[in-house]
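Trainee: Let me begin by handing over the structure; questions about it come next.
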Amino acid sequence: MNSNENFLDFQVKFLDIIMCPISLSTIEDPVILIPSGQIYDRKSIEAWLKKSNKDPVTNMKLPFAKLHPIRMLKDVIDLLK
């Protein structure tokens, strides 16, 4: 694999990371859902949690839900705008 292929592979993987699995849009305000460890856009996961007590990706029943901001990822996303 040459350096161009490596870079393209990185771009694809990074775009997957910054896509919210609920809205399928680029994450604006990344948060990690504790206890599942999944990353979501804050608005999308807050709306989801109002109607469900399960993680939308893992379908894991959540005994509680805490959202923790991921500031470094937000800074990187903001740089790409």
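The values are calculated or read from the model by the stated rules, or taken from the named source; none is laboratory data. Since we're looking at a predicted model, the values are computed, not measured. Glycine also receives a Cβ, built like all others from the backbone with ideal geometry; neighbour counts cover every protein chain displayed. Keep in mind that these areas ignore ligands, DNA and RNA; they rest on the heavy atoms of the full protein, side chains included. Shrake-Rupley method; radii C 1.70, N 1.55, O 1.52, S 1.80 Å.
Trainee: Looking at the range 43-58 only, could you name the residues that are at pLDDT 95 or above, of a type in the set (A, V, I, L, M) and in contact with a strand residue (DSSP E or B) (Cβ under 8 Å, 6 or more places away or on another chain)?
Mentor: Across the range 43-58, the qualifying residue is only Ile45.
Trainee: Among the residues of the range 43-81, write down those that are open to solvent by less than 80 Å² (accessible area, probe 1.4 Å), in a loop (DSSP other than H, G, I, E, B) and not hydroxyl-bearing (Ser, Thr, Tyr).
Mentor: Within the range 43-81, Asn53, Asp55, Pro56, Val57, Met60, Leu62, Ala65, Ile70 qualify.
Trainee: Also, I was wondering about something else. Out of the residues in the range 30-42 that are open to solvent by 50 Å² or more (accessible area, probe 1.4 Å) and of a type outside the set (A, V, I, L, M, F, W, C), state the one that is modelled with the highest pLDDT.
Mentor: Arg42
Trainee: Tell me which of these Leu15 doesn't satisfy, since it passes every other one: (1) open to solvent by 90 Å² or more (accessible area, probe 1.4 Å); (2) among the hydrophobic types (A, V, I, L, M, F, W, C); (3) at pLDDT 95 or above.
Mentor: Leu15 satisfies all of (1) open to solvent by 90 Å² or more (accessible area, probe 1.4 Å); (2) among the hydrophobic types (A, V, I, L, M, F, W, C); (3) at pLDDT 95 or above except (3).
Trainee: Taking the residues in the range 17-66 that are within 25 Å of Asp78 (Cα to Cα) and acidic (Asp, Glu) as candidates, determine which candidate is nearest to the chain's Cα centre (by Cα).
Mentor: Among residues in the range 17-66 that are within 25 Å of Asp78 (Cα to Cα) and acidic (Asp, Glu), the one nearest to the chain's Cα centre (by Cα) is Asp41.
Trainee: Within the range 1-42, work out how many residues are in a helix (DSSP H, G or I) and of a type in the set (D, E, K, R).
Mentor: Qualifying residue count for the region: 5.
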